[in-house]
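Every number here is computed from the coordinates shown, using simple stated rules; none is lab data. In this text the structure is predicted, and so the values were computed from the model without any measurement. Neighbour counts are summed over all protein chains in view; Cβ atoms, including those assigned to glycine, are modelled from backbone coordinates with ideal geometry.
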Amino acid sequence: MKKEIDNIKIDTSNEMVKAIFDSVRDGLIILDKTGKIIKISKSLLDIGHYPEKEIIGRGLKMMIMFHPKSLAKMLMNFLKTLSDNEIKPYEVEGKTKNGETLFAEISGAPLKKKGKIIGVVAIMRDITDRKKIEQELKEKNEELEKFKEMTIGRELKLIELKNKVKELEEKLNGNGKKEV
């Protein structure tokens, strides 16, 4: 099957390319210069649980499954990529088809043919599990900090009380000697 982008034909039917495209664990997306999605890997469909018909042919700005701030980042980086810049990984947040929160890391590069930019290829890695673990670690660290503050605070109080008791004992002992 050949897709035409700005009068340049891309052959997406090549069996080897298709096999590589569909075997990559991370999600792959090919967009034309207008931001329209022309190819998406099976792994990305699996990540978001969206059917291909809801993604292919839609413009990037129509990807309302992403948080507005994430979508703005994606659009900005898409434009940077069209200016012949490779995009280093950045994080986005969205929702899967079944409503679950999804965190992803996206990177991109210009797609060229004969030296001319004809679109963008983007890689999307699901980092939802990593973000959950990071959140759990953050919560555990906060819990440990509270515990530390409590125990150190308790320890400091005990030292203070011991010093007061010692001080009172010295006063009592000192007062007793004076009376004798």
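Counting beta carbons within 10 Å around each of Asp26, Asp126, Asp84 and listing the fewest first gives the order Asp84, Asp26, Asp126.
Positive-end ranking of Ser23, Ala72, His49 along the dipole of segment 2-126, with charges on Cβ about the Cα centre, is headed by Ala72.
Taking amide H atoms as placed 1.01 Å from N in the peptide plane, the amide H of Lys39 lies under 5 Å from those of Ile30, each 5 or more residues away in sequence or on another chain. Taking every DSSP helix (H) stretch of at least 4 residues in the chain, weighting each as -39,500 (n - 2.57) and dividing the sum by the residue count yields a mean residue ellipticity at 222 nm of -16000 deg cm²/dmol. Sorted fewest first by neighbouring Cβ atoms within 10 angstrom, Val92, Val24 come out as Val24, Val92.
The Tyr90 and Ile159 beta-carbon pair, evaluated with R₀ = 41 Å, returns a calculated FRET efficiency of approximately 0.25. Taken over the C-alpha atoms, the chain has Rg and Dmax values of 30.3, 112 angstrom. Taking R0 as 22 Å, what's the FRET efficiency between His67 and Val121 from their Cβ-Cβ distance, rounded to 0.05? Rounded to the nearest 0.05, the efficiency is 0.45.
Relative to the longest principal Cα axis of the chain, at what angle does helix 68-82 sit, 0 to 90 degrees, rounded to 10? Roughly 50 degrees between the two axes.
Within the listed set Leu44, Leu137, Leu156, the residue fluctuating most in the Gaussian network model of the chain (springs between alpha-carbon atoms under 10 angstrom) is Leu156. Computed over neighbours whose Cβ is under 15 Å from that of Phe103, the net charge equals -1, Lys and Arg +1, Asp and Glu -1. Using R0 = 22 Å, the C-beta based FRET efficiency linking Met16 and Asp46 works out to 0.55.
As a rough footprinting exposure proxy, the listed residues Val165, Val120, Val17 were ranked by other beta carbons within 10 Å of their own, and the order from fewest upward is Val165, Val17, Val120.
Our note on the geometry: Cα centres of segment 15-58 and segment 113-180, 45 Å apart.
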